[in-house]
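Values quoted throughout were computed directly from the atomic coordinates according to the rules given, and no laboratory measurement underlies them. This one's a predicted model, so the numbers in the text were calculated from it and none came from an experiment. Cβ coordinates were reconstructed from backbone atoms using ideal geometry, including for glycine residues, and neighbour counts include every protein chain displayed.
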Amino acid sequence: MEPKTAKARSTRARLLREAAQLFSVKGYFHTTVDDVMARAGLTKGGFYAHFDSKEALARAVIDHATTLWMEKVASHVAKFPDPREQLREVLEG
């Protein structure tokens with residue numbers, strides 16, 4: 001669920017960014033909710049206002065990264081009018 005206010009969207013984005021960084025450095029199992037809260041400068045209430053659990057946060061991190069990647073690929077292949085060229089770019093690029 002997308003947050004309604006700009007402040008909530010900013011907080012959620014910060015949580016996603018910091019969690020992604022921690023997961024990539026420490027791994028999912030060695031990263032705690034407390035680690036994420038400390039990096040994001042939030043309290044438990046701030047964290048749990050956006051996510052029910054560390055697992056929900058990890059899913060959101062993956063979903064967000066996937067969306068960004070798909071947008072980047074779509075933007076890149078849109079430069080090629082022929083669908084075969086687009087496919088070639090995805091497979092070889």
Checked against the positive end of the charge dipole of the chain (+1 on Cβ of Lys and Arg, -1 on Cβ of Asp and Glu, about the Cα centre), the farthest of Ala40, Leu68, Tyr28 is Ala40
In nm, give the distance between the simple-model label positions of Phe80 and Ile62, each being 7 Å from the Cα along the Cα-to-Cβ direction. 2.9
Among Val25, Val73, which comes first, then next, by fewest other beta-carbon atoms within 10 Å? Val25, Val73
What is the spin-label model distance, in nm, from Lys72 to Glu89 if the labels are put 7 Å beyond Cα along the C-beta direction? 1.5
Please list 74-86, 43-55, 11-23 highest first by mean number of surrounding beta-carbon atoms within 10 Å per residue. 11-23, 43-55, 74-86
For Rg/Rh (Cα atoms, Kirkwood Rh) the list reads (1) 1.13; (2) 1.00; (3) 1.04; the calculated value is entry (1)
For a quick check: sort Arg39, Arg88 by the number of other beta carbons within 10 angstrom, fewest at the front. Arg88, Arg39
How far apart, in nm, are two points set 7 Å out from the Cα along the Cα-to-Cβ line at Tyr28 and at Thr43? 3.0
Within segment 6-92, how many lysine pairs that are 8 or more places apart, or on different chains, have C-alpha atoms less than 24 Å apart? 5
